[in-house]
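Trainee: The following block contains the structure, expressed as structure tokens.
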Amino acid sequence: MKILLIYNLSSGNGKIMQSLSKIKSFFDINNFLYDIYDIRAKDEVSKDMMLLSKYYDTFVIAGGDGTIHSVINGIMAVPMDERPKLLFLPFGTTNDFANMLGIGKDIDFNLALLKTNHYRKSDVYALNNEFFVYAAAVGKFSNVSYRINRRKLRKFGPIGYLLNARNDIFKKYNMNIEVETNAFKINKKTFLILIASGSRLGGFNISKFSKNPKLNDGKIDVRIFTRTHFFSWIKLIIFYLLKGKKFYRDIHINTNYIHIKLDGNYIWNVDGEKGPIGDIKVYTLQKQIEVYVHPNYIDKMF
């Protein structure tokens, strides 16, 4: 097996450096050939991933959701048979996608997955000209993850997101939207739109967001929050406390395609990163990447 170890020292609180020798020792003991890619020193990560994909069997990604996002956008530019398998070593702040795969903080266990057949094909989602694997959002609090000061995030962890969210509490989002799927077309007013593939978002459990979320079913779930009064932010707190449960009058859509038109220059959050502005089209691309999964999560998520 030939591996590219991709690590991001700025993910989480920099603990990757404490585990780097352990990771390399595992590769050596198992006679795995490997190279190392330090994502901090690169300007065009996605482009590099595209060029390097065909030379490796597996990418081991030691970082957070932002690192995963960059890698995915690179490998999706090459033919499917040239895409390496992906093993995630979660070193970020929330690690939502790895968490949905059952990949926790046990480095030894995670690395041992490389010696198994515990991998499955996962969907990828196209949003305009980029790709994502677990979430996109626009509206209230959706800018928290990419506007936060990274030094503060490393210091406070997930609490840093909450501290940063207070800047958006009294900002009014009153978005007029037009939504079109293959089945219907509606016009609504909203303060937040959430698009999610599974049961985690922003470090929170949203297991009640979708009835039976799967990462390979060719569908994506969309929640449109329709109330726009001044205290709408309180509703979001309850939403997370109730694990993503749908409120009366809010709209939930399970679809493989959606076109959302916005009446302003609102910025989308895509897998925790700053995304496009304004109108979007989202398509589900079924079973595009092979990801290592905790054996206990295979039937749950696939």
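Trainee: Show me, bin by bin at 10 Å from 0, the whole-percent P(r) of region 175-302 based on Cα pairs.
Mentor: Once binned at 10 Å, the Cα pair distances of region 175-302 give 11, 40, 38, 10, 1.
Trainee: For each of Thr190, Thr58, count neighbouring Cβ atoms within 10 Å of the residue's Cβ, then give the residues from fewest to most.
Mentor: The order, fewest Cβ neighbours first, is Thr58, Thr190.
Trainee: Here is a follow-up. Given the Cα-Cα distance of Gln286 and Asn216 and 0.36 nm per residue of separation, how much length would full extension add, in nm? Present the calculation step by step, with values, prior to reporting the outcome.
Mentor: Numbers: separation 70, 0.36 × 70 = 25.20 nm, distance 0.61 nm.
Roughly 24.6 nm would be gained on extension.
Trainee: Related question: Determine, for Arg83, Arg249, the number of other Cβ atoms within 10 Å of each Cβ, and report the residues in order from fewest to most.
Mentor: On the way: Arg83 21, Arg249 10.
Taking fewest neighbouring Cβ atoms as first place, the list is Arg249, Arg83.
Trainee: How large is the Rg to Rh ratio of region 172-219 when both quantities use alpha carbon positions and Rh follows Kirkwood?
Mentor: With Rg and the Kirkwood Rh in hand, the quotient comes to 1.03.
Trainee: Let me spell out the model: positive unit charges on the Cβ of Lys and Arg, negative unit charges on the Cβ of Asp and Glu, origin at the Cα centre of the chain. What dipole size does that give, in debye rounded to 20?
Mentor: With Lys and Arg at +1 and Asp and Glu at -1, about 1280 debye.
Trainee: Give me the orientation-averaged projected area of the Cα convex hull of the chain, in nm², one decimal.
Mentor: Here the figure is 14.8 nm², rounded to one decimal.
Trainee: Running a GNM on the chain with Cα contacts under 10 Å, which residue among Phe26, Phe225, Phe132 ends up with the highest mean-square fluctuation?
Mentor: Maximum fluctuation in the GNM of the chain, among the listed residues, is at Phe26.
Trainee: Which order do the peptides 179-189, 67-77, 267-277 come out in when sorted by mean C-beta neighbours inside 10 angstrom, highest first?
Mentor: Values: 179-189: 12.7, 67-77: 23.3, 267-277: 20.5.
Going by the mean number of other Cβ atoms within 10 Å, highest first, we get 67-77, 267-277, 179-189.
Trainee: Further question: Using the count of nearby Cβ atoms within 10 Å as a rough guide to exposure, how do Asp81, Asp35, Asp96 rank from fewest to most?
Mentor: With the fewest neighbours first, Asp81, Asp35, Asp96 line up as Asp81, Asp35, Asp96.
Trainee: Follow-up question, since we're still on this one. Starting from the 7 Å offset along Cα-to-Cβ, what nm value, one decimal, do you get for the label separation of Asp35 and Asp106?
Mentor: 3.3
Trainee: In whole Å, what are the Cα extents of region 1-126 along the three principal axes, biggest one first?
Mentor: 32, 30, 28
Trainee: Picking from Asn128, Ile3, Tyr266, whose Cα lies most toward the positive end of the charge dipole for the chain (charges on Cβ: Lys, Arg +1; Asp, Glu -1)?
Mentor: Looking along the dipole axis, the top candidate is Tyr266.
Trainee: Next question. Evaluate the relative contact order of the chain (contact order divided by residue number), counting alpha-carbon pairs under 8 angstrom at least 6 apart; express in whole percent. Show your work: numbers first, answer last.
Mentor: Numbers: 634 pairs, mean separation 66.0, N = 302.
22 percent.
Trainee: When ranked by the protection proxy of mean other Cβ atoms within 10 Å per residue, highest first, what sequence do the peptides 211-221, 192-202 form? Walk me through the numbers on the way to the answer.
Mentor: Working: 211-221: 16.9, 192-202: 24.5.
Sorting 211-221, 192-202 by mean packing, highest first, produces 192-202, 211-221.
Trainee: Can you give the FRET efficiency for Lys261 and Ile237, using 1/(1 + (r/R0)^6), R0 = 35 Å, r = Cβ-Cβ distance, to the nearest 0.05? Write out the running numbers ahead of the final one.
Mentor: Details: r = 29 Å, r/R0 = 0.82.
The formula returns an efficiency of 0.75 here.
Each value in this text was obtained by applying a stated rule to the coordinates, not by laboratory testing. Since this is a predicted model, take the numbers as computed values, not measurements. Note that we place each Cβ from the backbone using ideal geometry, even for glycine, and neighbour counts take in every protein chain shown.
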